[in-house]
Structure formats: C-alpha cells, structure tokens
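The values are calculated or read from the model by the stated rules, or taken from the named source; none is laboratory data. Owing to the predicted nature of the structure, the values given are computational and were not obtained by experimental measurement. SASA here: full protein model, heavy atoms, side chains in, ligands and nucleic acids out. Shrake-Rupley method; radii C 1.70, N 1.55, O 1.52, S 1.80 Å.
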Amino acid sequence: MNYIKLLNAAFEKFYFDDRLNPTHISLYMALFQEWNSSRFASDFFVNRRDLMNASKIGSKSTYHRCITDLNAWSYLEYFPSNNPYKGSKIKMSIIGTSDEPEEAHYDPKLEQLAERYHPIKEQVVDQQRPVSGQVLVSTINNTKPIKHNKHPNSLKVVLDFFSNKNFNPEYAKEFYEYYEDRQWQTSDGSEVRDWRALAKYWVHQKALMKEKNKLDKKQASYFRDNLRTTKNKDYGQSL
C-alpha cells in the first residue's frame, strides 16, 4: 500500500463530499492512522476510547453517528463488538485505484484542487469624493474573478511561461506535446482547468525524477566499485 497515494485519494474525496463535517474527517484520520499502524491490514480491531481521544470527539453519540455514517457512505466497513474485552472490527475502503502510477505519468488533481481552495480574485471599488470630502463607496458587488485560460494557445505561450519562471525549456516542449496529444485532459478524462498550475506540477515531478535517477546511479556505481578485484595483490602485507 502507498500511504501518500491513499491519503491523497481520501482528501480528494473529502473535497467533493458535502455530507462530511469536521468530526467525520477527524475520525477517519484517526482510523487511517490505526490502519497504517497495522501495516494496512485487510481488517483490524479498534478501541472506541482511543479513537475518541485521537479524533478529539467528546461524545459517544457523536462517535457512533460518525462511524455509522462513514460505514454507510462506503469509506469503511464497521463491525461493532458487543464484547467489552474485544474491540470493534474495521475494514477500510481503498479509495481510488490500487495500481501504482508510472514514473512518467502526471496526475494534476491535487494541483487543481489547490487552485479551487485558493481562487485568485481582484477587487475593484469605485470611490467618489464629493465637495464635502465624504467618501462614497459603491454598493455594487464589483468582485470579479480573473479569467485564466484553461489551455495555452500555442507552444510559444508555454515557452514564454517557462522562460519567465526560469524553468527548463526542454520541459516546456514535452509538457505541451504531452497534453496537446491528450486534448488537454487529465488521466481521469476531466478537462484541465489551469494549465499554468499544471505546468508547475510537471516541472516539480521532473525534478523529483531527476534526483531519483541520480541517486539510483550513485548506488549502482557504489556496488560496482565494491565488486572490483585486482590480480596484483601483495599477500605478504600484514592485515
């Protein structure tokens, strides 16, 4: 199991699920930690008191309501225990796919979610100063979102963006051709919402891959050097 992948998939589902409230999420995170501690076993036993303490839920009725909701909404399977000496059994649902992503595969979902959490806006306020000096502020709502192009109009636009950000221009061409070939859709078939945010994510992933390749080569070189032998040995030399 990939801890980061499972957690990211859960956060993405939280964002779109309007049924959840903070206590649901807090309890789920406490259960997720128990799942992680059990090395992501297919099922595990929990103690209500420990979970309430970890999730900061002070009411038993709230705890039972939340865990029942999570069970009904397919976040987990809950098997309550009537034995005071044996905890209830939990089977966590695996959200998303179980396959590991390919190294050269880019999934911009989190980048797009970040954009939705922090929309860029500009405020325009019309102010007039009459002779009396009193400032009159317009009561009209002039808050307008800045328009962002979902897709770049050409490769030149992408190259200019990468140049302004001091990104590698080679990445710009790869990025543009990759998503142009896919008609600017993400891996799940949804439309790209902000190509600039997606480009930053692309460069970040490229940098991580580059560092990983360097580390792999360094380790391989280390093992090769240790396996080298020489025929010119001085067996009379003391050890």
*Can you grab the distance from the C-alpha centre of the stretch 153-216 to the C-alpha centre of the stretch 1-52, Å, no decimals?*
32 Å
*Entries of K60/K86; K156/K206; K156/K217 with Cα pairs more than 28 Å apart*: K156/K217
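Just reorder D69, D18 by solvent-accessible area, largest first, 1.4 Å probe, all chains present. Before the final figure, lay out the partial values.
Working: D69 35, D18 140 Å².
Ranked from most to least accessible, the order is D18, D69.
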*asked:* With every protein chain left in place and a probe of 1.4 Å, what is the accessible surface of L215, to the nearest 10 Å²?
replied: 90 Å²
*Per residue accessible area in Å² of the stretch 149-193, where ligands, DNA and RNA are left out and the probe is 1.4 Å*: 65 Å²
*Taking a probe of 1.4 angstrom, what is the accessible area of F11 in Å², to the nearest 10?*
90 Å²
